[in-house]
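Below is one structure, written out as structure tokens; comments come after it.
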Amino acid sequence: MQLQTSLLHLTYLVTLASAHFELIQPRSRGADYDRLTEFPCGSLPVSSQRTRVSLTDPELNIALRMGHDHSAVQVLLALGSDPGTNFNITVVPTFAQVGLGDFCLEDVDLTEEMLGTRLTEGLEATLQVVTNGDPSGGLYNCADIVFTARASDDNDDSCRNGTGVIAKPFPASAGRINANESTPNGERQGGSGGGGGGGGSGGGSEGGQGGDQGGEGNAAASLQGAAWGVLGAAVLAAGALL
């Protein structure tokens with residue numbers, strides 16, 4: 001029985017690793033694991049099934065399932081029904097995630113102040129979760145959302161952290177490097193070190209993208225909900241004072 005359990009666990013880990021990472025919540029466009037390297041959304045088109053985000057309480061949980069034990073992660077957003085590559089709003093700046101399995105960013109802020117635009121009934125947008133690639137470039141998963149006065153689709157039960165799964169903030173300069181240009185340690189891919197990932201967007205599997213607004217507040221709130229501990233909170237708080 002013990003051998004059988006070990007084999008099942010090993011099979012789970014192999015399957016998870018081959019998937020790179022999954023976006024569980026909000027509902028992703030889908031998953032073509034062989035094409036996750038394709039910017040901006042892993043080759044997948046806009047979904048007709050959009051996750052509803054409440055206009056009165058515009059926030060959501062982001063649930064991921066990580067297939068690499070150390071990743072740089074970033075959350076971006078593009079406004080519009082079919083925004084193409086225009087992911088120019090930083091929702092959560094690049095940070096380090098450690099551990100295999102379930103990972104949760106709680107209560108991610110999508111308010112007007114964060115997004116820099118007025119939220120109206122039926123406003124559509126796309127959320128993009130980016131991690132660094134293996135060994136280079138990026139991996140991409142997207143979820144299409146709609147802001148509405150109707151009840152949110154958010155499901156708290158699916159957002160949780162697995163055993164030993166934590167998040168750690170990068171120093172401010174490393175947090176400005178887009179995840180698809182970063183190593184898991186916060187260095188620029190290619191070994192050139194720190195610097196900032198500017199705004200704008202780009203295509204291809206290593207397309208540079210990244211927002212020029214928002215993000216800092218979500219870095220504190222979301223990472224504190226991602227089981228990254230007192231030390232990480234102290235580091236982030238110190239950085240906010242600079």
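Any read-out appearing in this document is the output of simple, stated calculations on the displayed coordinates, not a laboratory observation. Keep in mind the model is a prediction, meaning the values are calculated, not measured. Cβ: placed from backbone, ideal geometry, glycine included. Neighbour counts: every protein chain shown.
From the Cα gyration tensor of region 70-166, with a ≥ b ≥ c the square roots of its eigenvalues, which class applies: rounded if a/c is under 1.5, or else prolate if a/b is larger than b/c, or else oblate? Walk me through the numbers before you get to the answer.
Numbers: a/c = 2.25, a/b = 1.42, b/c = 1.59.
Oblate.
Can you list the residues, at least 5 places off or on another chain, whose amide H is less than 5 Å from the amide H of G133, using H built in the peptide plane?
G138, L139
How do 96-104, 109-117 rank on mean C-beta neighbours within 10 Å, highest first? Write out the running numbers ahead of the final one.
Values: 96-104: 20.9, 109-117: 16.1.
Put in order of decreasing packing, that is 96-104, 109-117.
Please report how far the C-alpha centroid of region 27-57 lies from that of region 75-146, rounded to the nearest whole angstrom.
10 Å
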